[in-house]
Amino acid sequence: MAVHSLLHTFCVFTLLPLPSLRRNYKHRPADCGADRYFDSSRLACAPCGAHQRQSAGGSSCVCEPGYRMVSNNDGFSVSCEKCPEDMSGVTQDGWNCIACPKGLTPNGNCKCPNNEILVERSMDGILLNEALCIHCNGSEQSFSASDASGSRCIRCEKTFIQVSKSCDCSNPNILTGGLCFLAQEGLPEVKEIIALWLCFELILLD
């Protein structure tokens, strides 16, 4: 830790005051703009290629929506190819084009309604021509709902099962803080919701 601190101090007070470094140095990838990325080896912004934009982290480039990757050298050298009109979506991994019957996300991926999971490949890994949106069965014996990523069905939250015997917290029940409560019980205090959430997290960690 002491060595790291000394090295940081050396860089800040010795290297950064140099005119050439101070001129090119960027403190944040956001300073580079949408069509450039932050090159950490040069401490400067570098342009993305054709049909590319800055990645979410800002330290590499990704293909624009509607374009799939043809090659990728860790985001520093990316080649992109436009998807055909009848398969205008891009798979979650960015490598293939796919038809999206239920629309596209702002990033150009297929989207599915709530409580449905996105399926792009068959059980043996073969890419589908058209993505599927599979409904998670929330009824008794199954009690499944889509996870946060929308990629698989998991057992729904415990309070949903206790209150509604399903994964649906509909009226007159009350949905708050990701938990389901009986209407006659009223809304719990915020501190009670936090305590319940912490208890569930601890149970999951066991």
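Here are the numbers for this structure:
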| item | result |
| --- | --- |
| Residue match in the stretch 159-172 (condition: outside any strand (DSSP E or B) and under 22 Å from the mean Cα position of the chain (by Cα)) | no |
| Per-region count, the stretch 140-152, residues hydroxyl-bearing (Ser, Thr, Tyr) and either in contact with a Phe, Trp or Tyr (Cβ under 8 Å, 6 or more places away or on another chain) or without any contact (Cβ under 8 Å) to a residue 12 or more places away in the chain (or both) | 2 |
| Test set (1) at pLDDT 95 or above; (2) in the same structural domain as ALA131 (by TED's automatic domain parsing) - ARG68 fails condition number | (2) |
| Where CYS153 falls short, out of the listed (1) in contact with a Ser or Thr (Cβ under 7 Å, 6 or more places away or on another chain); (2) surrounded by 14 or more Cβ atoms within 10 Å (Cβ to Cβ); (3) modelled with pLDDT under 85 | (3) |
| Unmet requirement for ARG68, which otherwise passes all of (1) basic (Lys, Arg); (2) part of a strand (DSSP E or B); (3) under 22 Å from ARG28 (Cβ atoms) | (3) |
| Only listed residue being at pLDDT below 85, over 26 Å from ALA30 (Cα atoms) and among the hydroxyl-bearing types (Ser, Thr, Tyr), chosen from SER77, SER139 | SER139 |
| Lone qualifier among ASN109, ASN115 - being within 30 Å of PRO84 (Cα to Cα) and touching a His at 6+ places or on another chain (Cβ under 7 Å) | ASN115 |
| Pairs, first within 14 Å of ASN137 (Cα to Cα) and in contact (Cβ under 8 Å) with a residue 24 or more places away in the chain in the stretch 153-167, second buried (at least 16 other Cβ atoms within 10 Å of the Cβ) and of a type in the set (Ser, Thr, Tyr), C-beta under 8 Å, six or more apart | CYS153/SER144; CYS153/SER146; CYS167/SER144 |
| Enumeration of residues in the stretch 119-146 that are within 20 Å of CYS100 (Cβ to Cβ) and surrounded by fewer than 16 Cβ atoms within 10 Å (Cβ to Cβ) | ARG121, SER122, GLY125, ILE126, LEU127, LEU128, ASN129, GLU130, ILE134, HIS135 |
| Close pairs from the stretch 19-37: first farther than 18 Å from ALA56 by Cβ and at pLDDT below 85, partner assigned to a loop (DSSP other than H, G, I, E, B) and not acidic (Asp, Glu), Cβ under 8 Å, at least 6 apart | LEU21/LEU43; ARG22/LEU16; ASN24/ARG42; ASN24/LEU43; TYR25/LEU16; TYR25/LEU43 |
| Cβ-Cβ under 7 Å pairs, at least 6 apart or on other chains, the stretch 59-73 side closer than 21 Å to SER40 by Cβ, far side of a type in the set (Lys, Arg) and surrounded by fewer than 21 Cβ atoms within 10 Å (Cβ to Cβ) | CYS61/ARG53; VAL62/ARG53 |
| Residue list for the stretch 90-116, filter: outside any loop (DSSP other than H, G, I, E, B) and over 16 Å from the mean Cα position of the chain (by Cα) | CYS97, ILE98, ALA99, GLU116 |
| Hey, CYS133 part of a loop (DSSP other than H, G, I, E, B) and within 30 Å of ARG155 (Cβ to Cβ) or not | no |
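Per-residue answers, yes or no, for (1) more than 30 Å from GLU157 (Cα to Cα); (2) of a type in the set (S, T, N, Q):
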position	(1), (2)
PHE38	yes, no
ALA44	yes, no
GLN54	yes, yes
CYS61	yes, no
ASP93	no, no
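The values are calculated or read from the model by the stated rules, or taken from the named source; none is laboratory data. Everything numeric in this text was worked out from a predicted model, so none of it was measured. Heads up, the Cβs are rebuilt from the backbone with ideal geometry, glycines too, and the neighbour counts pull from every protein chain shown.
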